[in-house]
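Worksheet: the structure to be examined is printed underneath.
The values are calculated or read from the model by the stated rules, or taken from the named source; none is laboratory data. No experiment lies behind these values; they were computed from the predicted model shown. A quick note on method: Cβ atoms are made from the backbone with ideal geometry, for glycine too, and the neighbour counts reach across all protein chains shown. We work out accessible area using only protein heavy atoms, side chains counted, and drop any ligands, DNA or RNA first. Shrake-Rupley method; radii C 1.70, N 1.55, O 1.52, S 1.80 Å.
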Amino acid sequence: MLGQRGQWWPGKDEGGIGGPHGGEPRGARRAGSVRLRLRVLGLGVACVAASTLLLEITLTRLFSVLLLNHYSFFAVALAMSGLAFGGLWMTRWQIDRATDAAFAARLAVLAFLGCVAILAGLAALSVAPEGASRISHSLAILVFTVAFTASGAFLAAVFARRPAWIGSLYACDLLAAAAACVAAIAILRLVQGPAALLVPALLLGTAAAVLDPVRIRRVGAAMLAVTLGAVVVVGARRHEPLLRFRGAVRPGVLVFERWNDYSRVQGFVESAAPNTIWFVIDRIAATPMFRIPAADSNAPPHSEPWWDRGFQALAYHTGRPLHRVAVIGVGGGVDLLPPLKAGVPEIVGFDLNRTFIDLLRHDFSSFNAVARRPEVTLIHSEARVALQQERRRFDLIQASLIDTWAATAAGGFVLAENGLYTLEGWRLFLDRLTPTGILTMTRWYIPSAPAEMQRLVALAATAVEGAGMPDPSRHIVLAVTTSAVHVDPGLGPVHLVTILVSKAPFTPAELDRLRTAPLDQPARFLLDPTRTPEDTVLAALLSHDRRATAVATSRFDISPPTDMKPYFFLQLRATDLPMLLDPRYRGFGTEVTFNGVRVLLMVAAWASCLALAVLWLGTRSTGGVAARGVASGTGYFLGIGLGYMLVQLGLHQRLTLLLGQPTYALSVVLFSLLLGTGLGAAAATKLAPVGKEARAWFLLLGAVATTGLLFPALPLVNALGETWLRLLMLVVLLILLGATLGTAFPIGVRMVAPHGPNMVQRMWAINGAASIAGSALAALIGLAAGSRTVILAGFVCYSIAVACGWADAMVGRGKAPA
């Protein structure tokens, strides 16, 4: 990017932004002899945009570990609030009066400020112990708001400097953000843990080095960027995290830690139990790995009596012949032991988390040798996606306590395991069973709040009826442990509950064997085909005629989840919000359900207040700003800000189930939409020249409406046998959708720029505030009404934006009164 005579700035004959003469930094070339090139400015925009998205995605991962999954909403809120604050900040600077050198120097300072803020935030996170209070972590995390604000100010200033370049610069912004979506996956895998924050800091340092016209500052920023790059390379070459959080989530000696794009896995060994390693995913989900020595692969495994004594192994005691078994979520390998003891010749284990596959195959294969057995095949895949393509039938499909609580970039309730607990998922599982096959799942049972257990039964009964078995009571067994654990004084005892769903009715002999099974925990049967249930709610859920009434009259939402509304772990209706004030539903036992809604509502309230504050500050009329322009511009940028976030997160909620892996959903949705949006922004001038904006608006509304109408048909993509073919189709469709959405912002900038000074910065801030509200609104609408409703709400917001844009255009042409 060097210009003539080795300078970073070309002469006047090469063209640039231009601008009135004014003061410029010492060491810069005189005004009139330097002009900032579009491609240099575009490179700076690309670095800042990629840094912003990488920072948001990385913080989502870190927040899920430090503060539990639902606090990941703060990552999006911090990012969007910083962009809004930055836009308001830039309204105080007369951008059009600065020389190119002064303008570039200001941009370089903003980029460098963001770089320093990220490093300061990383230091603050390193100081606060992992077990510290949420207030301590929240105060440390707020440091990152400075980085987002600096990035927001940078982008607002760039977009306001020369509206004629908005299409190209906005395209650089979005295309770099799209590339960052893909890069984020590799970065989170290679540069593990908090050290991944060094990459967005590196990009901001690079932007400062590219843009600063003062040589000494440019060299300093370049040296910092090179240093950060060297540290990142060192971290990527290590097999363990370069940086760790202080403290521990479990007692014992830390013997293993690995991060990936999906989770952090830590292994602990307690001195009292050296033959057991407990692996913790993020903060609260844990799985044990027992010492299982290697044996001759040609001989039957040397099993121990306790291998099939676990409560989750109840289905193995029916006495039915088992030739092929599927285990969903192998974890530390515990669920592989019962089929090995039963002599099952073919055991297929699915796990979404590649780390656990590697632990069993490589890292701890000498400690636990079950993966070496010829009967065992481990597959790295989300089980539902894998079984969708699987044509073999299984005698038993088992899933025990599958709830990792690892948040994705779409928010704290968009969990990878959601798809295992929907009607569509259970219909698939039942279809993949042999005629005498059994589906078994183990979950938690809290007598004081039995919603999860009741919802499990409602799901099972509805799925059984849908599979052509009219009397669910003959096909369902439900057992609960008589012993309990006490995790929260206000919550009461917590039990384990195991459900068995059989395609063939259970026989009396099988039921007798289940009742007398030698389990390590005594059990009582809540549902037994030979007895009338004592629990009236469970009895009603088994009855087709009484199930709807039981669901409607329950104090919890126990309706069977669907793919459109897959929130099995959230048993709250929209009308149940006063229940959040009940002290019985506070504490660890409800941390991942009720407390998650409290956090979401808090973020939504904060986002609404922030949006209103930005709206008020951004619409205050100053000299030279027409009230008409402020009103129409505000409505337009509010609409496109809300609409884009609603469409994006609605698609993410749905495609996470369709694609299975959160990584795929992140790559496909964000990458494809941002790539399409960037292409649309670049083509906005040609697609919608001045006076022809209606053409782009018509395509935009048509694309969003078509997306909402065809939303239920998305599962048809699964009919394509090859994974790459499914991904290619989705990518093409999302790029086309993004291209129509991408025209909205450049058209809006072109629309408001003539209305007065600082209008672009004001509208950028309003757009950012709308995006904050949109992220929280998408989560709330998705929880209450499902992902398709989120898309339809996005269509409404875009319709409002188009109406405001059309009104402004008509007034500008004299076809309506001002």
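Working ranking of peptides 430-439, 101-110 by packing, defined as the average number of other Cβ atoms within 10 Å per residue, highest first, is 101-110, 430-439. Multiplying the residue separation of L780 and D471 by 0.36 nm and removing their Cα-Cα distance gives an extension gain of 107.6 nm.
Here the Debye sum runs over all C-alpha atoms of segment 277-336 as equal scatterers in vacuum, and log10 of I(q)/I(0) at q = 0.14, 0.24 Å⁻¹ comes out as -0.53, -1.28. Close amide H pairs (under 5 Å, H built 1.01 Å from N) link I379 with G349, F350, D351, residues at least 5 positions away or on another chain. Protection proxy ranking, highest mean first, for peptides 392-403, 513-524, 362-373: 392-403, 362-373, 513-524, where packing is the per-residue count of other beta-carbon atoms within 10 Å, averaged.
Relative contact order for segment 410-547: 28 percent, from Cα pairs under 8 Å spaced at least 6 residues apart, divided by residue count.
Taking only protein heavy atoms into account and a 1.4 Å probe, give the accessible area per residue of segment 159-213 in Å². Don't skip to the end; give the middle numbers.
Details: 1330 Å² over 55 residues.
Accessible area per residue: 24 Å².
For F256, the residues whose modelled amide H falls within less than 5 Å of its own, excluding neighbours fewer than 5 places apart on the same chain, are G267.
Put the Cα centre of segment 331-346 next to the Cα centre of segment 145-181 and the gap is 53 Å.
Between W616 and S448, the FRET efficiency from the beta-carbon distance, with R0 = 60 Å, is close to 0.85. The slack between A807 and H239, meaning 0.36 nm per residue of separation minus the straight C-alpha distance, is 198.6 nm. Computing FRET efficiency as 1/(1 + (r/R0)^6) for E304 and R573, where r is the C-beta to C-beta distance and R0 is 56 Å, gives about 0.75. Working from label points 7 Å from Cα in the Cα-to-Cβ sense, the R92 to T227 distance is 2.9 nm. Label positions at K692 and R372, each projected 7 Å from the Cα along the C-beta direction, are separated by 7.0 nm.
Computed extension gain for A272 through M729, at 0.36 nm per residue and net of the alpha carbon distance, reaches 159.2 nm.
In this structure, the amide hydrogen of I438, modeled 1.01 Å from its nitrogen in the peptide plane, lies closer than 5 angstrom to those of L396, I397, counting only residues at least 5 positions away or on a different chain. For A509 and M602, the FRET efficiency from 1/(1 + (r/R0)^6), where r spans their Cβ atoms and R0 equals 51 Å, is about 0.40. Taking label points 7 Å from Cα along the Cα-to-Cβ direction, A631 and S483 give a separation of 7.2 nm.
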